[in-house]
Structures are given as C-alpha cells and as structure tokens.
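The values are calculated or read from the model by the stated rules, or taken from the named source; none is laboratory data. All values derive from a computational prediction rather than experimental measurement. Neighbour counts are summed over all protein chains in view; Cβ atoms, including those assigned to glycine, are modelled from backbone coordinates with ideal geometry. Ligands, DNA and RNA are excluded from the accessible area calculation, which covers all protein heavy atoms including side chains. Shrake-Rupley method; radii C 1.70, N 1.55, O 1.52, S 1.80 Å.
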Amino acid sequence: DNLVLNGWMHLPEAPCPNLVIGSNGLLSSGQSAKQIALAHALNALGLAYIRFDHRGIGQSDGNFDTDTTLENRTRDLIAAYSFARTNYNLGDKLGLFGSSFGGSTSLNAFAELKPSAIVTVAAPLASADILPRGVINDPNLAFFKSPAKSFDIRPKLGAVSHALIIHGTADEIVPCAHSELIYAAVNEPKELLQLAGADHTISDGPNQQRLMDAAVGWFKRFMA
C-alpha cells in the first residue's frame, strides 16, 4: 500500500530455519519485551523470528488513527511474510505469534498464510465488547467503537488449527471469555491456557514465564 514497514529479523545459526512472525497489540510495537524475549528463545531452538511495527506504529509509515484496521494489519502481516520469503533462505514451516489485537490479526490471516502453528495472547474475538470496564474513555482506544473500525473474526476461525490460545483471567480490557469462544471455534490440535490472575499485558513475572514457556513449547512441537 505504498508504505514502508520497519522490522527486525532474528536469525539463528541453523541454516534454512523455519520462521515465526510476531504481530503486536493495538498500542504496542515490534519493540515489545514479550516479542524480543520470544525471538531469542526461538533462535535458541533454531527458528527465525520477525518482529515489526504495523503501519502507523513505531518507525513504520502510516497514520495510526486512519490506517489502523483489522484488514490493514492483516495486509501488513502478509507483507512481512512475503518480504521474508523473498529475502531470506527459510524452511517450509511458518508460525504466527499475536498479542491482543495482533492475536486477532494473526487469526484473521491464518487461512491465507496457512501456518504450521499459531499462538495468541489476550486476543479479542470481536470489537463489540472490548474494554468492558470503563477503559473506553481512553481516547487512544475508543476508536474501536466506530463502525469503520469494528471487527469480528468469528467467520475466519473455522480455518484455524494448531492453535495455542492464552489469556489472563483478570484481563481488564478483553474479557477472558473471548479465549474460550476462540478455542471452541478452532480445530484440533488446539490448547487453551488461562493464566490465573493475569491482566491484559500479563505483567506479573510468574505468568510471563508461563506464557513464554508455553509459546516456545508450542512452536517447538510443530516447527522445530
């Protein structure tokens, strides 16, 4: 779409590695600590990792307010995959990691990219009941209530498999029930991990470690 997206490729020592691509949350970027830690952990398994800034975020081109939609972010993710395939000698398997809105984006892109594994963290199923506890007053988040920004990924979930769905039970932004609905709609193999007491960003150390161990284990199972 005539935009330049900024990203980072983490390559392991192994030749022709399989690739995992990360998709950041609504207000986050490819510089999130979660993605950096995951990139290093996957490199240790011989897997490559791309983290990047979606359009309108971080160092990428675009306007956050006007360009941020589910479909545009899905196009960004597909573009990152195409770039990697064109510029690097990679294996046949692809993995997707998406946090929050990046989880919705990754699930939305599944049918086109056909990854061997996908991990989502605190992914919203639809925009209608995001931010149920008053956070909607934040002007950076309220735009999801606009009809032009609304989304619902339920029609795409029938194509999804090999999915690890992670969610905190104390998520203050995306109800934890979304993880159960996503899990019920996707195909085997699949797994649901609900982190007791964890908030939307999984900010406490023990649950961060559980998230990381589970994600790395899932990609190892299907890709390493």
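Using C-alpha pairs below 8 Å separated by at least 6 residues, the relative contact order for region 1-147 is 25 percent. Element breakdown for region 175-224 at a 1.4 angstrom probe: carbon and sulfur atoms account for 53% of the accessible area.
The packing ranking of peptides 8-15, 85-92, highest mean first, is 8-15, 85-92, where packing means the average number of other beta carbon atoms within 10 angstrom of each residue. Take 154-163, 120-129, 106-115 and order them by the average number of nearby Cβ atoms within 10 Å per residue, most first; the result is 120-129, 106-115, 154-163.
Report summary: the helix-based calculation at 222 nm, which adds -39500 (n - 2.57) for every DSSP H run with n ≥ 4 and divides by the residues of the chain, gives -10500 deg cm²/dmol. Taking amide H positions as modeled 1.01 Å from N, with prolines and chain starts lacking one, the residues under 5 Å from PHE97 and 5 or more places away or on another chain are ILE21, GLY22, SER23, VAL119.
With all pairs of different C-alpha atoms in the average, the Kirkwood value for the hydrodynamic radius of region 152-202 is 11.2 Å. Over region 37-90, what percent of the accessible surface lies on carbon and sulfur atoms, probe 1.4 Å? So the carbon and sulfur contribution to the accessible surface is 47 percent. When each of the peptides 194-203, 24-33 is scored by how many other beta carbons lie within 10 Å of its residues on average, the order from highest to lowest is 24-33, 194-203.
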